[in-house]
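Report on the structure given below.
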Amino acid sequence: MMQDLEHENYMLKSILKSSPSSECFSFEEYRKVSPAYYSDLKEQLLEKYKNKELTDIKGSKVIETPYGDTLEIVQKEKIDFELAENNFKNQMNHNLKLLPKIGIKTEQNLKKQGFTTVESLLEHDSHKHNAKIFIENMDDMSFSQIIDLLNQNKYGKSCKDNLIKCVSIPDYENFKFMDIETLGLSNVPIILIGVAEIKGKNIISSQYFLRDLDEEIAVLNAYFSHLDENSVHVTFNGKTFDVPFIKNRLNYHRIDVDFNLAHLDLMYFAKYLWRNDLPNCQLQTIEKYKFGIERIDDVPGQYIPGYYNSYLSERNIGPMIPIIEHNKQDIISLAYFLMKMYEEVNYE
């Protein structure tokens, strides 16, 4: 192992030395994208935690579910989570484009005629029927329905801003900041689900870990215990990956769960708001440039299956420690991302 690492170090130094732009690169950065680095890190973790148990992790305990036991890790930290009131439903009343058959030009013409709100359209011959239906339903619309309506009316910057402004509507405790870790990209088990929730002045992270491959149903069930019909998933690339992956595992285990919740995927908001400000819109890039957070010994996704398999074969928790921490940081960061995004679109 050490010989392989020394050989790779030698090769990287040679590349850096011969490169005309070597002053732009860090040897440590090169080293940390190499398989040898993560192989060496795994060996260090195995040695460091060889006498430790999963229940030695802070906040961990074994819990019962209807589908068997699993490991729960709960931790709490302070957060000043606040989204200033923006009276978004009143803003909806001024957005005539939310009605059928009204686009940008039609809205402009209607406002020139004095129809400045949906309510005022009750006096308009052509639009009064749709206006009446909208006003009657607006107070009873679920957040999921509001999100769907706004997604159907993305005419420009102000409409895209509305998809962030509307997050003032749900109660904070309904936000479920969620992330999963898996053994691959498809048709493999979920090994860790994390969900963070706002409780007063605290953010509480709950993580459910697959101690053995036969515990996946228990892990899923433990996560579902946090959800109800008012829950709002807040993810980063969750619409493309996390939620479809969970649905696939539900189908695999033949579990019937209504998983069609309101969903805020902050990756799309990040690309919309920050793509011109950052080198890329990856989660850890946002952490670094927007919040000054730099992770130490974070394990990229491609190494997680190997780390998990080492945990299983060695019965040593060491390789899972940075992955559990990675998952926790992901879900905590989402809460801060949401606050910053909301602040930017409301007070730019």
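Between the helical axis of 128-138 and the longest alpha-carbon principal axis of the chain there is an angle of about 40 degrees.
For Lys78, the aspartates and glutamates whose Cα falls under 19 Å of its own Cα, not counting residues fewer than eight places away in the same chain, are Asp171, Glu173, Glu197, Glu287, Glu325, Asp330. A simple spin-label model places the labels of Phe291 and Ser186 3.1 nm from each other, with each point 7 Å out along Cα-to-Cβ.
Can you give the extra length, in nm with one decimal, that the chain gains between Glu43 and Gln282 once fully stretched, where that is 0.36 nm per residue apart less the Cα-Cα distance? Write down the numbers at each step before the final one.
Working: separation 239, 0.36 × 239 = 86.04 nm, distance 2.79 nm.
This chain segment gains 83.3 nm when fully extended.
Helical runs assigned H by DSSP (4 residues or longer) give the chain a calculated mean residue ellipticity at 222 nm of -13500 deg cm²/dmol, each run adding -39500 (n - 2.57) before division by the residue total.
Remark: the stretch 260-276, residue by residue, has Karplus-estimated 3J(HN,Hα) of 8, 9, 4, 9, 10, 9, 6, 4, 5, 5, 4, 5, 5, 7, 10, 4, 8 Hz, where x stands for each Gly or Pro and the curve is 6.51 cos²θ - 1.76 cosθ + 1.60 at θ = phi - 60°. Each label point was placed 7 Å from the Cα along the Cα-to-Cβ direction; for Ile63 and Ser126 their separation is 5.5 nm.
Enumerate by residue number the chymotrypsin sites (Phe, Trp or Tyr not before Pro) in the stretch 283-348 meeting two conditions: DSSP loop (anything except H, G, I, E, B), and at most 15 other Cβ atoms within 10 Å of the site's Cβ. For chymotrypsin sites (Phe, Trp or Tyr not before Pro) across the stretch 283-348 that sit outside H, G, I, E and B with at most 15 neighbouring Cβ atoms in 10 Å, the list reads Tyr347. Each label point was placed 7 Å from the Cα along the Cα-to-Cβ direction; for Gln75 and Glu173 their separation is 2.4 nm.
Nearest-5 percent of antiparallel DSSP beta bridges in the chain? Could the numbers behind the result be given before it?
Numbers: 28 of 35 bridges.
Here the share of antiparallel DSSP bridges comes out near 80 percent.
None of the figures in this text is laboratory data; all of them are computed from the coordinates on show. Every value quoted in this text rests on a predicted model; they were computed, and no experiment measured them. FYI the Cβ positions are ideal-geometry reconstructions off the backbone, even for glycines, and counts take in every protein chain you see.
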